[in-house]
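Here's the structure, in structure tokens; my notes come after.
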Amino acid sequence: MEVNFPTDTDGFLSQECPSCEQQFKVIFGQGSEEPISYCPYCGYNGEDCWYTQPQLEHIQSVVFSTVLAPELKKLDRQVKGMSKGFLKIDMKSNLPTPSVVPIDTDDLFEIFHFPCCGETVKAARGDNLFCIICGTEINMTASDSKKSLPEPQRRR
Ligand SMILES: [Zn+2]
Ligand SMILES: [Zn+2]
């Protein structure tokens, strides 16, 4: 099962570190093929733990309404069939529909590039950032890793 999230206008999707709870943004399907493994801010190491709270809630609601809800309904029917009228068992029948997918909004994050893995991220600050793939700490102010966006110019 796959849950897709719309990205911001630059194609970035918000991610959140479970350790320092700061957000950063990545482009999926570009740069490294490896999964995100490190937080760019604190260097926290982990996999599949980078969803933001709204994304997690949406995933849960999609899983519930597409996987669990039909099972519950089936169970409901079975229970009713077994009870044969002398047992009244009512299960909650107004099951929730999936929540609205969270839309990624544009922000004032800056774009940084990790030359080691060819990854590009958006981050709120960038003195020292850890590569989200290999965890190498890179001093963004010393290198020319900081990239500005090509047209359209987005500086405010
Ligand atoms: Zn972190
Ligand atoms: Zn790297």
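Just so it is clear, none of the values below were taken in a lab; they were calculated from the coordinates. Since we're looking at a predicted model, the values are computed, not measured. Every residue, glycine among them, receives a Cβ derived from its backbone with ideal geometry; neighbour counts consider all protein chains shown.
When region 1-22 is filtered for residues that are crowded, with 18+ Cβ neighbours inside 10 Å and either over 14 Å from the mean Cα position of the chain (by Cα) or of a type outside the set (Phe, Trp, Tyr) (or both), the ones remaining, listed by number, are 13, 14, 15, 16, 17. Of all residue pairs spaced 6 or more apart or on separate chains, those with beta-carbon atoms under 6 Å, a first member in region 50-76 that is outside any helix (DSSP H, G or I) and a second member that is among the small types (Gly, Ala, Ser) are 52/14. Just one of the numbered conditions (1) within 13 Å of residue 133 (Cβ to Cβ); (2) within 16 Å of ligand 2 (Cβ to nearest atom) is not true of residue 28: (2). Summed over region 8-26, residues that are more than 16 Å from ligand 1 (Cβ to nearest atom) and more than 25 Å from residue 67 (Cβ to Cβ) total 5.
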